[in-house]
Amino acid sequence: MAAVEWSDGAPIYRQLKERVVAMLLDGVLKPGDALPSVRQVAAEYQLNPITVSRAYQELADDQLVEKRRGLGMYVTEGAATRLKTSERDRFLREEWPLVLERIQRLGLDLQELLDPKGKWGTK
């Protein structure tokens, strides 16, 4: 895991969980990969081991990782697929309506949104 700056906006265990989720979605973590141990993460980021355990437990509750007795936590088969499905559903349910409302409010059209080399000069 890379250098981390924790924000005050959400509990640290949630932020840690979201970092692991991002690593799953980005393909950094693959099925069968081991997560760093609770002690290792706690020491590296100066966190309470209970905080790390809570993040890992939520990942296990979501069936993204599984605990292998005496070995640690491992990414489950299909974790990225399940995660993408649930994240897409959450995006469409919670975030997209707000984005769409903003697009409509600003009077943007589809061509402006899809043209990466348009008048905004990006890419």
Please give the charge dipole size of region 1-117, origin at the Cα centre, charges +1 on K and R Cβ atoms and -1 on D and E Cβ atoms. Round to the nearest 20 debye.
440 debye
Can you give me the accessible area per residue for the chain, using a 1.4 Å probe, in Å²?
73 Å²
Check cross-link reach from residue 84 to the aspartates and glutamates: straight Cα distance under 16 Å, and skip same-chain residues fewer than eight apart.
18, 26, 62, 94, 95
In whole Å, largest first, the alpha carbons of the chain cover along the principal axes 56, 31, 27
What does the accessible area of residue 93 come to, in Å² to the nearest 10, when a probe of 1.4 Å is used?
150 Å²
Give me the net charge of residue 16's neighbourhood, meaning all other residues with Cβ under 10 Å from the Cβ of residue 16; Lys, Arg count +1, Asp, Glu -1.
+2
I'd like the GluC sites (Glu not before Pro) in region 1-47 restricted to DSSP loop residues with at most 13 other Cβ atoms within 10 Å, sorted by number.
5
Within the accessible area of the chain (1.4 Å probe), percent carbon and sulfur
52 percent
With loop defined by DSSP as not H, G, I, E or B, and exposure as at most 16 other Cβ atoms within 10 Å, which is the longest segment of the chain clear of exposed chymotrypsin sites (Phe, Trp or Tyr not before Pro)?
7-119
What's the local net charge at residue 41, with K and R +1, D and E -1, over the other residues with C-beta under 13 Å away?
+3
Project the alpha carbons of region 1-44 onto their principal axes and report the range along each, largest first, in whole Å.
32, 23, 15
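The values are calculated or read from the model by the stated rules, or taken from the named source; none is laboratory data. Values in this document were obtained by computation on a predicted structure and should not be read as measured data. All Cβ positions, even for glycine, are placed from backbone atoms using ideal geometry, and neighbour counts span all protein chains on display. Each accessible area value is taken on the protein alone, full model and side chains, heavy atoms only, with ligands, DNA and RNA left out. Shrake-Rupley method; radii C 1.70, N 1.55, O 1.52, S 1.80 Å.
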